[in-house]
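Input: a single structure, listed below in structure tokens.
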Amino acid sequence: MSDAPPERWSDTQVALVDLIDRVIGGGVVLAGDVVLGVAGVDLVYLGLRLVVAPAHEVEQSIALGRRSA
Amino acid sequence: MMLLYAVVPADATAPETRGLAGQPLEIIRGTLAAVLVEESSERVSATGDESRAFGEILCDLATTTFLLPIRFPTMLPTRSAVLAELEANEAAWRGRLTELDGLSEVVIRAEWPEADQELDSVSPSPGTTYLMNRAAVIHRREASVAEISELVRPWAREIKVLPSQQGVRIACLVPHADVPQLKDAVSIWQQAANDRQAVVSGPWPVFTFVVDQEAGSR
């Protein structure tokens, strides 16, 4: 166990990270359109129920699905 | 294409705000709720800068009208598609707008250095040691969540634990007027032990506490 306190977070940094995290990880989810592309070239168009989520949330959902199966 | 920003009350005033594409935001109104949108000829890329700019626009809007943020980047092809979504969900959205009026979201991050050291040191250890250390870290996180939840209980209407790589992150739904008291309480709690740190960010629009699609469809 360390005697030294952890390096102090910058409040501004934390606020920025939290804002971006909540913008892409929170909010109302709707139907929508997704176009997946690389280097400006559209490759795949998906007209699906749109759920944009951070990778770790998707991984959690997959893990939960496996456990309940 | 229509980039969707937020659900607002049906009688909300149109904001004098421009969106990510530089176009003025418009309101598409239903009977019970409305949606703030920006019409754009180009798709919006979901980079960190764009996400931050979108969030800052929402934070500015939230100072003048109560809103339910829409997850970024949600785009619909036409105005009529937005209206169709609005008609399908406006009853649930109106209910949630009413429930959450006057409330903000704050996010508490708390971290303990010894937890990281345990995680870092377990890799070369035998499997049993690894599992025991891992369980200890999880138990410590659960205890921390319980401690912080109890700490903020006087002000938080709802609490949700957010995914976190290190330490814990907890989103709290708090009346606007109570945000300073909650921040003070967390600050005092952090100062009570010098081996932990805690930071409160916000107040934010209620990103974590909006109604989800399944609830909206019921």
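The values are calculated or read from the model by the stated rules, or taken from the named source; none is laboratory data. None of the values given here were measured: they were computed from a predicted structure. Cβ: placed from backbone, ideal geometry, glycine included. Neighbour counts: every protein chain shown.
Among the residues of the range B:46-62, is any charged (D, E, K, R), part of a loop (DSSP other than H, G, I, E, B) and in contact (Cβ under 8 Å) with a residue 40 or more places away in the chain? No, because not a single residue in the range B:46-62 is charged (D, E, K, R), part of a loop (DSSP other than H, G, I, E, B) and in contact (Cβ under 8 Å) with a residue 40 or more places away in the chain.
Taking the range B:73-110 as the range and being within 16 Å of A:GLY26 (Cβ to Cβ) and outside any helix (DSSP H, G or I) as the test, the residues that pass are B:PRO73, B:THR74, B:LEU103, B:SER104, B:GLU105, B:VAL106, B:VAL107, B:ILE108, B:ARG109. When the range A:11-24 is filtered for residues that are more than 7 Å from every other protein chain (Cβ to nearest Cβ), surrounded by 11 or more Cβ atoms within 10 Å (Cβ to Cβ) and at pLDDT below 85, only A:GLN13 remains. Restricting attention to the range B:36-56 and to residues that are surrounded by 15 or more Cβ atoms within 10 Å (Cβ to Cβ) and among the small types (Gly, Ala, Ser), the residue that is nearest to B:PRO205 (Cα to Cα) turns out to be B:GLY55.
Being at pLDDT below 95 and acidic (Asp, Glu) is not true of B:GLU26. Taking the range B:2-26 as the range and being surrounded by fewer than 17 Cβ atoms within 10 Å (Cβ to Cβ) and assigned to a strand (DSSP E or B) as the test, the residues that pass are B:ARG18, B:PRO24.
Across the range B:24-63, which residue is nearest to B:ALA10 (Cα to Cα) among those that are more than 10 Å from chain A (Cβ to nearest Cβ) and acidic (Asp, Glu)? Filtering the range B:24-63 for residues that are more than 10 Å from chain A (Cβ to nearest Cβ) and acidic (Asp, Glu), the one nearest to B:ALA10 (Cα to Cα) comes out as B:GLU26.
Do we find that B:GLY19 is touching a helix residue (DSSP H, G or I) at 6+ places or on another chain (Cβ under 7 Å) and modelled with pLDDT of 90 or more in this structure? Yes. For the range B:176-197, a residue qualifies if it is surrounded by fewer than 15 Cβ atoms within 10 Å (Cβ to Cβ) and under 21 Å from B:GLU99 (Cα atoms), and the qualifying residues are B:HIS176, B:ALA177. Contact annotation: residue pairs with Cβ atoms under 6 Å, 6 or more positions apart or on different chains, pairing a residue in the range B:190-211 that is small (Gly, Ala, Ser) with a partner that is modelled with pLDDT under 85 and surrounded by fewer than 22 Cβ atoms within 10 Å (Cβ to Cβ), are B:SER201/A:VAL14. Would the range B:101-114 turn up any residue that is modelled with pLDDT under 90 and surrounded by fewer than 17 Cβ atoms within 10 Å (Cβ to Cβ)? The answer is yes; a qualifying residue exists.
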